[in-house]
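Notes to accompany the following structure.
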Amino acid sequence: MALRGGARSPISALMKRPILIHPDPRLKKVAAPVADLSDARRQLARDMLETMYAAPGIGLAAPQVGVPERLIVLDCVKEEGAEPQPLVMFNPEVVAASDELNTYEEGCLSIPEQYADVTRPAEVQVRWIDESGAEREEEFGGLWATCVQHEIDHLNGKLFIDYLGPMKRQMITRKMVKLKREKAKA
Ligand code: K1U
Ligand code: ZN
């Protein structure tokens, strides 16, 4: 008899996953390309969206939940009551970037409560595989462009603080070490 909601059922509950906090060696590794879209990977993508919305955040990359694979999720719709626009991207890559730059005050769910200005291309063309296995390509601007670049950086072991000077980066890292020590004690 098939077990409803059991281990082999496609119906499984969404699970919020713990987010790794910097410094952590798993956040510094280059993630591996995704070779095939298994049910487990689709479930991971749904869990990541659940984790991102709950945080709350506008993006999340698989290495942030301890999975070293090239998968990101994002939804940059911030207005209260607006229709959500979740995007799931397997193996995302920037195929073109504008010369025009944009500076945005970035945050990171792996570096809580720290923000800094980062300058990146204002528009990017991104190619990825969606959750149905189809190849997609789209141009992003504004916050979407900033966020998708921030998330792809996570897949390459790069954090937004790597764009800052050594003094500022070290100061933020020390704060995070202290935060993790306090969390471990609590
Ligand atoms: O990758 C992450 O750590 C998520 C990060 C994405 C991001 C934020 C800002 C610029 C670029 C990329 C976040 O979502 S931090 C939280 C955040 O920015 C936010 C949270 C609630 C509402 C609006 C924004
Ligand atoms: Zn981040």
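Quick look at the values:
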{"read-out": "Restricting segment 107-125 to residues that are of a type outside the set (Asp, Glu) and touching an Asp or Glu at 6+ places or on another chain (Cβ under 6 Å), the residue that is most open to solvent (accessible area, probe 1.4 Å)", "value": "115"}
{"read-out": "Number of positions in segment 105-145 that are away from ligand 2 (no atom under 16 Å from the Cβ) and in a loop (DSSP other than H, G, I, E, B)", "value": "8"}
{"read-out": "Output for segment 152-186, where each listed residue is over 18 Å from residue 117 (Cβ atoms) and acidic (Asp, Glu)", "value": "182"}
{"read-out": "Matching residues, segment 37-53, being out of contact with any Asp or Glu (no Cβ under 9 Å at 6 or more places or on another chain) and either within 11 Å of ligand 1 (Cβ to nearest atom) or closer than 13 Å to residue 108 by Cα (or both)", "value": "48, 51"}
{"read-out": "Hits in segment 85-106 - residues which are within 20 Å of the chain's Cα centre (by Cα), surrounded by 15 or more Cβ atoms within 10 Å (Cβ to Cβ) and not charged (D, E, K, R)", "value": "86, 87, 88, 89, 90, 91, 92, 94, 97, 102, 104"}
{"read-out": "Long-range neighbours under 8 Å by Cβ, at least six apart or interchain, first residue within 13 Å of ligand 1 (Cβ to nearest atom) within segment 68-87, second of a type in the set (Lys, Arg)", "value": "71/41"}
{"read-out": "Enumerated strands (runs of 3 or more DSSP E) restricted to segment 25-103, each holding at least 1 residues that are modelled with pLDDT of 95 or more and away from ligand 2 (no atom under 15 Å from the Cβ)", "value": "87-97"}
{"read-out": "Matching option when the condition is at pLDDT below 95 and either within 18 Å of the chain's Cα centre (by Cα) or charged (D, E, K, R) (or both), among 185, 180", "value": "185"}
{"read-out": "Considering residues of segment 7-24 that are open to solvent by 50 Å² or more (accessible area, probe 1.4 Å) and among the aliphatic types (A, V, I, L, M) only, the residue modelled with the highest pLDDT", "value": "15"}
{"read-out": "Breaking point among (1) of a type in the set (Gly, Ala, Ser); (2) in contact with a helix residue (DSSP H, G or I) (Cβ under 8 Å, 6 or more places away or on another chain); (3) surrounded by 14 or more Cβ atoms within 10 Å (Cβ to Cβ), for residue 45", "value": "(2)"}
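The values are calculated or read from the model by the stated rules, or taken from the named source; none is laboratory data. The structure displayed is predicted, hence computed values, not measured ones. A quick note on method: Cβ atoms are made from the backbone with ideal geometry, for glycine too, and the neighbour counts reach across all protein chains shown. Just so you know, the surface numbers come from the protein's heavy atoms only, side chains and all, with ligands and any DNA or RNA stripped out. Shrake-Rupley method; radii C 1.70, N 1.55, O 1.52, S 1.80 Å.
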